[in-house]
Every structure is written in C-alpha cells, then in structure tokens.
Amino acid sequence: MGEREEVDYRTIQTRHGKEAEDAILRVLRAGASYTMGDEVKGFEEQFTRFLGAGVAVGVTHCTAALELSAALCRVGQGDEVIVPAHTFVSSAVAFARRGAKIVWADIDPDARVMSIDTVAPLVTERTRVIVAVHLMGLTVDMDPILELAGERNIRVVEDCAQAPGARYRGRQVGTLGDFGCFSFHTQKNMTTLGEGGMLVVRDEETATVVKKLRWMGNWQFEGERERYWEPSMANLVCGLEGEWPYNFCLSEFNAAVGQVELKRLDGVNADRQQQAKVLMEGLADVEELSFQKVGPGCEHVYHMMPVKYDGARSGKTRSDLIGLLYNEYGIKCYVHYMPLYRFDLFRAMGCDGADCPVTDEYYDSMYGYPWWSNMSDELLERFIASTREACIRLRG
C-alpha cells in the first residue's frame, strides 16, 4: 500500500478566493457597524432573488431560524410536532424547548429521508407542525406532505440546512412550506465562514415580525420626532404577542462572504453531484453497498455522501468496514446521525419513545465518506478502489 496517508472527514478543502478575502477587508476597512448593516441587507436581498420566492431574513445560524419558526408557528405546551429522528439535534430542540411533544417520524427505506408514508400515520388533531428535513442534501418529496398539511391546517417548516440550492419540481427548497431554515456553517455547501443562517418567510409582513424578534426588540419609533434622542435613540417593541425577543443578529463579515459564496452555490452543487455520480457508478457492482434513491422531481446536492453497508451474507457489520477502511487504507469515514431518541439528552427530557425501525436499521448500517467540493479524480478513485477491496476482504 505504501505510506498510509489519512483522509479525515473534517478536512475542509474548499478554497475561498480573493473575492471572499476582499469582501472581509471591505467590511473591516469601512469602519462602520460590523453587524446588522448594509451587508446583511444586501445578502438578504440577493438570497431572496436567488430563491425566486418568499422573503429572506439573515440570522445567526439555522438553529436561530428554527427557533424563530417555532415561535411564529405559536407552538406551545401539548402541541405535537412531527420530526424525523434521523437529523441534526436542532430540528427537534427548537420545538421541544417550547413544550411541544416531539413525534418521531421514520424514514423511507430507499430515499432515507421522511416521506408522506412515514408522516401521515402520525398526524392527530394535536399536530401543529411538520418539520421536513432535506437531510444530506436530498430533498423530501414535498407535494404530498404539503397537501396533507393544507387539509389539516398544519404548518410546514423546511429544514434546509444541508440542501441550499436544491430544487424540488423546479422550485427552490425553503420556498415550499411556511418557513425555510438555512445554515451557512463552515462545512456546508455554501458557507459564510464559521456561522450564519437565513429564515425564509412568505411575505414582508412576517419578515418585519422576524426582524423585530431577532435583535432583542430594537426598532425605530414610529412617526416624526422633535428630538431624535427623545425619549431614547430607539424603541423596544414586542414583535409577536407574548413572545420575548432574541439576539440572532448576523454579522456584516458573514453577510459579505455570503454574497460571494451565493454566486458559487450552483457550481458547488453541480460539482458535488458529479463527484457523487463518479463514486456511485464506481461502486455500483459492489453488492453490499447501496445509496440514497433520488425520487421523481427531487434533487440531491450531496452535502454528505452516505452509504448503506449490508454485510449480512458474510456476517460483517459496517463497523468492520469502517475499521478496515481506516486502519488499512487511511480513509476516516463518519457515521451521522444517530436517531435522536437514542441520545441521553432526549431520554432525559422524556423524548425517547419512538417506532422507527427503518431509521434504526439504516443508522446501524450506514457510513459516509470524507466529502467536500473539488475533490480530485485520484482521491475519488482511491475511495472506489479501497472500498471495493475492503468489501472483498470482508467476504472472507
């Protein structure tokens, strides 16, 4: 094998060019406020145009967008919120924090995201929200869920943290439901470097409510004032009846980089789709492996590259494969996401009751490759050759 060179899933290979550097320096040299200024406004306007629908409001991160969505849905004690258990923790905590009962949805065995078949049996008269998570970059089949929600007067929140720029039947994710929540964390297809997020709402009126909530209620006094400093420089308002405001402000630096990264997003997604195509075609004849199925009208932008390993015939597990790939081939694969109801946090909070056999079986047999944009052909071929050889060895 020669010298063992380790490939870690945390490796970030995306290169941010001079345009992103110039954007940061522009904000730094301007000497104006470094938060909630013209860069944030510009980023919001550009993201709204990119989506082609709704109104985008910049926030600290996707968790903030989910928290605000929960507030706007008026979720409270005793309400039921349907959430896929196979997701990042924020998808559920934002609603559980408000006293909602989290009802865990299973995943489709082929697409490996939630579907109408896993959601519909869970709906009751107390269901207030369905959280549709476009996990790993694959869009949920939304139309049947939206139809059900419309019939039952249920709000739909899209968690688009891992799928910015993905389309469903020609429409951008985040514009399909009542609210769209985006993440621009460093590891996402589109980043604002560090943290960053966006909440997408349907109209300007709701966007104004969000803006009053995101900065501790800071808002200008209405009408003309004789002296600009009286009774104070700015007012504190209640954006939503009975709702205390938050501090979810997006910095000017993040917003400036976001405007640069937004221009690259379609290209990044296309690049990742091509990488995934090469990997899946290269491993198509390895019988132990299977990939997410992309249904009609759906799109996958491959924020991650998950694979299911079935070693039942040889009596092997995904841990055997991961261990072999790491120890012998230097490929450090990852495992995301353990069903939330299996974590100590959710057990301690009384949210551990679930009937999600597909989710359990998938999690216990899946792994993911180290994954980023602009991977070399040589590295992808290394993944293919090493995985093929490892699977053959595990067959005994």
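The values are calculated or read from the model by the stated rules, or taken from the named source; none is laboratory data. All values reported here derive from a predicted model rather than from experimental measurement. Because the Cβ atoms are built from the backbone with ideal geometry, glycine has one as well, and the counts that use them run over all protein chains shown. Ligands, DNA and RNA are stripped out before the accessible areas are found, and what is left, the full protein with its side chains, is counted by its heavy atoms. Shrake-Rupley method; radii C 1.70, N 1.55, O 1.52, S 1.80 Å.
Values as computed for the structure displayed
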quantity: Heavy atoms of Phe291: accessible area, 1.4 Å probe, square angstrom to 10; calculated: 40 Å²
quantity: Angle in degrees between helix 142-152 and the longest Cα principal axis of the chain, rounded to the nearest 10; calculated: 50 degrees
quantity: Proximal lysines relative to Lys293, as straight alpha-carbon distance under 25 Å, when same-chain residues fewer than 8 apart are discounted; calculated: Lys188, Lys277, Lys308, Lys316, Lys332
quantity: Formal net charge of residues neighbouring Lys308 (Cβ-Cβ distance under 14 Å; K, R +1; D, E -1); calculated: -4
quantity: Using θ = phi - 60° and Karplus 6.51 cos²θ - 1.76 cosθ + 1.60, couplings along the stretch 334-340 (whole Hz; Gly, Pro as x); calculated: 10, 10, 10, 10, 4, x, 4
quantity: Under Karplus coefficients 6.51, -1.76 and 1.60, residue-wise ³J(HN,Hα) of the stretch 314-324 in Hz, glycine/proline x; calculated: 9, x, 10, 10, 5, 5, 4, 5, 4, x, 5
quantity: The stretch 118-253: C-alpha gyration tensor shape, a/c 1.5 cut-off, then a/b vs b/c; calculated: oblate
quantity: Average Cα contact separation per residue, the chain, under 8 Å, 6 or more apart, as relative contact order %; calculated: 22 percent
quantity: Relative contact order of the stretch 79-224, pairs being alpha-carbon contacts under 8 Å that are 6 or more residues apart, as %; calculated: 15 percent
quantity: Angle in degrees between helix 62-72 and the longest Cα principal axis of the chain, rounded to the nearest 10; calculated: 50 degrees
quantity: Angle between the chain longest axis and helix 38-51 axis [Cα atoms, degrees, rounded to 10]; calculated: 60 degrees
quantity: Solvent exposure ordering (accessible area, 1.4 Å, most first) of His300, His185; calculated: His185, His300
quantity: Straight-distance crosslink candidates among aspartates and glutamates, where the alpha carbon sits under 16 Å from Lys101 and sequence neighbours closer than 8 are dropped; calculated: Glu67, Asp79, Glu80, Glu125, Asp352, Asp355
